[in-house]
Amino acid sequence: MYRLLITLLLGALLAGAAAPGEPPSVEALIDSAEEYALEGDFDSALPIYEKAISTLGREPRRQHALRYRYGIILNALGAQQDPATFYPLARAQFAAVLDYLESGGELEHSEARVSSALAHTYHQQAPHAGNPRHQTDMLRRAYHLYSDAALGLASDGEWHNLAITYFNIGQVCEWQGNLEEAIEWLEKAVELDLRHGFPDLQEDRAYLYALREQVNPPARATTTAL
């Protein structure tokens, strides 16, 4: 099962309305885009998100917070509709946010969390790659990005996001055929779930058991003819 690191950023954005004859405020654009997104009307929502992001050019912190939110939506759409279109668009948003953070910008989300979200776009798109070489490359990129993100998440004490990232690295390893390493990552995820009481414990443990059974299939019962 795919796992998506979803955190909404819009609690700090205030609603607003434009006066007659004036262009909509950024707040009004964001409200409108969110309303369409909640209704599932993404054809209407996406251009409005783009316009709001463009309008925030002089407010880079708010602009990149919205870019992250927009990337999360595009990532989810990649899983539902058109992977070849939406995952690359999501990657562009997360890459821009990473550039902003690496240049000294500040956001609610850490570089590690954004890196994990970026890795997820490669992870999710890989099964849809028509060319086996492209699939291999996407999984390799996802593995390295997740691994780097895991170090940062551990350093920052972001334990739930770390557990989710461990799960995702494990799945990438499984798809690469590295079952033993996949088991090691899932063991780490389950350990964090147990330590912190995360709700993913049952799912993570079931996946861990399934991986172990792939490595060591249970013995089949035999019958002896009388």
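Derivation of every value follows stated rules applied to the coordinates shown; laboratory data play no part. Not measured: the values here are computed from a predicted model. Glycine also receives a Cβ, built like all others from the backbone with ideal geometry; neighbour counts cover every protein chain displayed.
Tabulated data
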quantity: Inter-probe distance in nm under a simple model that places probes 7 Å from Cα toward Cβ, at HIS134 and ASP156; calculated: 3.1
quantity: GNM result for the chain, Cα springs below 10 Å: residue of ALA76, ALA182, ALA28 fluctuating most strongly; calculated: ALA28
quantity: Label-point separation in nm, GLU50 to ALA206, each point 7 Å along Cα→Cβ; calculated: 3.9
quantity: Whole-number percent relative contact order across the stretch 114-215, with pairs defined as alpha carbons under 8 Å at least 6 apart; calculated: 21
quantity: Potential extension, ASN178-GLU35 segment - 0.36 nm per residue separation minus Cα distance; calculated: 47.2 nm
quantity: Option label - Kirkwood radius over Cα pairs in Å computed here, alternatives [x] 19.2; [y] 19.8; [z] 18.4; calculated: [x]
quantity: Separation of the GLU59 and SER147 label points, Cα + 7 Å toward Cβ, nm; calculated: 4.1
quantity: Mean ellipticity per residue at 222 nm, deg cm²/dmol - from DSSP H runs of n ≥ 4 across the chain, formula -39500 (n - 2.57); calculated: -24000 deg cm²/dmol
quantity: Calculated FRET value between GLU27 and GLU106, using beta carbons and R₀ = 22 Å, to 0.05; calculated: 0.55
